[in-house]
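No lab work stands behind these numbers, since they all come straight from the coordinates. Just so we're clear, the structure is a prediction, and the values are computed from it rather than from any experiment. Glycine gets a Cβ as well: all are built from the backbone with ideal geometry, and neighbour counts include every protein chain shown.
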Amino acid sequence: MAQEDVFKKLVAHCKEYGYVFPSSEIYDGLAAVYDYGQYGVELKNNIKKYWWDSMILLHENVVGLDSAIFMHPSIWKASGHVDAFSDPLIDNKDSKKRYRADVLIEDYMAKIEAKIDKEVTKAQKRFGDSFDEQQFRDTNQRVLDNRKKIDAVNSRFVKAINEDDLDEIRQIIIDAGIVCPVSGSKNWTDVRQFNLMFSTEMGSTAEGASKIYLRPETAQGIFVNYLNVQKTGRMKLPFGIAQIGKAFRNEIVARQFIFRMREFEQMEMQYFVKPGEELEWFKKWKEMRMKWHQSLGFGEENYRFHDHDKLAHYANAATDIEFKFPFGFKEVEGIHSRTDFDLGAHQELSGKKLQYFDPETRESFVPYVVETSIGVDRMFLQIVTASYTEEELEKEDGTKDMRVVLKLPPALAPVKLAVMPLTKKDGLPEKARKIIENLKFDINCQYDEKDSIGKRYRRQDAIGTPYCVTVDHQTLEDDTVTIRFRDSMEQERVSIDEIGKMIMEKVSFRKLFEN
Ligand code: GAP
């Protein structure tokens, strides 16, 4: 099945099973804004806990913060967001559609990359076991021509972006023959910069109101509180401050479901270090963050680093952790060495000293910062994408059946255990409810008695519930139940007393952290 179709099915699945709904749906929706349903919110909370605990519990020098979304507007001036937080946009004069010029060029390069991959896959099939992929990539003429095309566009693009040369960006689009996906025409306007911050007004009267921004990143709340935390927590360098919270960006190109939203959530950690040590910490955090992703078990080959050619105004090194989505490798997390840019800028604009006093050297200085920044929603999309599986099964009568299963890591699954009485009579429902009564304080359980057992299993598979327990007549006699495992579909007879311990071991975050 084409990757595009898989993605469409995934979006439909998320809606059908209470994971993600379009916002304001009864009013035809609001572009690039989504609501999380009954299972979505549980998965999201579990993702946040996985991140939070990995930062706060596993590092004794990382502490948390919850700063306000509204902040003094000068913060965004100092951080550079008022002047430089913008995307280059271009309009197609025929379709009147607006695009991010850089995304048009990146998509163009990704399409050529996809052609190369196709060529490789074809050859792999043709040559079988004797296929040497590297040699093929190095020698096949069509691959080499396409690689040359990508390199030529990429080097012009990087130079133009670094020099903020908007005319050259437009020229690349024209020279590459990029057409509007809607009108199919090359009738493009000039490229302009477009600031991504949402603004509103604070104050009760029109005259007294002042312009205020919805934060486009949570990081600035950490920067302006760093000395409060350092002093009250008696923190010594290096130390980190972690925060989870909403961020808002008026994205020009909002698409790919929850990948690029206008209201989203970030999990950010700013790690304050001595000047000169930042690149060493940057390297360490790069490795730690990659491990955190890979511990989920979705396959190391589905992740890669993408080092930035164009550094943001605040960084001296930056990389993205990319995941292989159905629409290609895309950024899930950014790791940035932000130097002393932010603290230095706040110190200058506020006139308040933001220096750290080193008790050992008795020197005062502005620390450098290494940041890890990941979107909760993008992480959510990564997890459901990697977990969504369609399996063909053979029924007892030899006919084929299909099951859709979300193979979520058990620790992240919204519902850990479904308890099902075989029938709605003979005291089985009461027995099933008793099991839940015992476990519900530690494990998210669901009671399910409607439809046949087979249908109930399918429903729980689709939600991603890793364990189902069936209560039958034997249970009344010997206090044993059948436990069924989502991924293998195997079943085992176990004593009711064992269920709690057995499941708690498997769904604990400890397992992920130990990885
Ligand atoms: N403080 C640094 C910062 O905000 P960023 O690369 O702009 O860096 C960090 O954003 C992460 O936030 C991204 O890797 C992505 O996961 C998430 N993110 C950014 N924009 C987003 C959007 N419009 N929708 C969903 N997630 C987004």
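Cα gyration tensor of region 134-265, axes a ≥ b ≥ c as square roots of the eigenvalues: rounded (a/c below 1.5), prolate (a/b > b/c) or oblate? Verdict is oblate for region 134-265.
Report, for the chain, the % of DSSP beta bridges that are antiparallel, rounded to 5. Given both bridge residues lie in the chain, the antiparallel proportion sits at roughly 85 percent. Within a straight-line Cα-Cα reach of under 16 Å, K400 can be paired with the following lysines, leaving aside sequence neighbours fewer than 8 residues apart in one chain: K455.
Footprinting exposure proxy ranking of L65, L311, fewest other C-beta atoms within 10 angstrom first, gives L311, L65. Under 23 Å of direct C-alpha separation, and excluding same-chain neighbours fewer than eight residues apart, K274 reaches these lysines: K231, K236, K283, K284, K286, K352, K353. Of the GluC sites (Glu not before Pro) found in region 482-515, the ones in coil according to DSSP and having at most 12 other Cβ atoms within 10 Å of their Cβ are E490. Ordered by the count of other Cβ atoms within 10 Å of each Cβ, fewest first, R234, R484 give R234, R484. With the charge dipole of the chain set up from +1 on Lys and Arg Cβ and -1 on Asp and Glu Cβ about the Cα centre, the Cα lying farthest toward the positive end among the listed residues V153, G398, V273 is that of V153. Shape of region 86-195 from the C-alpha gyration tensor: prolate (a/c of 1.5 or more and a/b above b/c, with a ≥ b ≥ c the square roots of its eigenvalues). Going from the residue with the fewest nearby Cβ atoms within 10 Å to the one with the most, K431, K416, K48 rank K48, K431, K416. Using a cut-off of 30 Å between Cα atoms, the listed pairs K431/K506; K9/K310; K8/K111 include K9/K310 as exceeding that distance. Towards the positive end of the charge dipole of the chain, with charges on Cβ (+1 Lys, Arg; -1 Asp, Glu), say which of L57, Y99, I241 has the farthest Cα. In the chain, that residue is Y99. Each Lys and Arg contributes +1 and each Asp and Glu -1, all at the Cβ; summed about the Cα centre of region 33-180, the dipole is approximately 580 debye.
Fully extending the segment from R304 to N140, taken as 0.36 nm per residue of separation minus the present Cα-Cα distance, adds 56.6 nm.
For the chain, what does -39500 (n - 2.57) per DSSP helix run (n ≥ 4), summed and divided by total residues, give at 222 nm, in deg cm²/dmol to the nearest 500?
Calculated at 222 nm, the ellipticity per residue is -12500 deg cm²/dmol.
A convex hull fitted to the Cα coordinates of region 266-343 yields 109 cubic angstrom per residue. For K115, the aspartates and glutamates whose Cα falls under 12 Å of its own Cα, not counting residues fewer than eight places away in the same chain, are D145.
Taking a ≥ b ≥ c as the square roots of the eigenvalues of the alpha carbon gyration tensor, region 410-514 is prolate, as a/c is not under 1.5 and a/b beats b/c. Using only Cα atoms, tell me the angle between helix 428-439 and the longest principal axis of the chain; keep it within 0 to 90° and round to the nearest 10. Computed tilt is about 40 degrees.
Please list, by residue number, every one of the GluC sites (Glu not before Pro) in region 16-54 that is coil in DSSP and has at most 16 other beta-carbon atoms within 10 Å.
On the way: sites: E16, E25, E42; in loops: none.
In loop regions of region 16-54 (DSSP not H, G, I, E or B), there are no sparsely surrounded GluC sites (Glu not before Pro).
Give, as a single signed number, the net charge of other residues whose beta carbon lies under 15 Å from the beta carbon of N140, with Lys and Arg counted +1 and Asp and Glu -1.
Details: positive: K115, K118, K122, K125, R126, R137, R142, R147, K148, K149; negative: E113, D117, E119, D132, E133, D138, D145.
Summing Lys/Arg as +1 and Asp/Glu as -1 gives +3.
Cα-based radius of gyration for the chain, normalised by 2.2 N^0.38 Å, reads 1.12. What angle, in degrees between 0 and 90 and rounded to the nearest 10, separates the Cα long axis of helix 376-387 from the longest principal axis of the Cα atoms of the chain? Around 50 degrees separate the two axes. A crude spin-label estimate for the pair T389 and V179, with each label 7 Å from Cα along the Cβ direction, gives 4.1 nm. The residues packed around H313, meaning those with a beta-carbon under 12 Å from its beta-carbon, carry a net charge of -1 if Lys and Arg are +1 and Asp and Glu are -1. Simple point charges give the picture: +1 on the Cβ of Lys and Arg, -1 on the Cβ of Asp and Glu, and for the chain a dipole about the Cα centre of about 560 debye.
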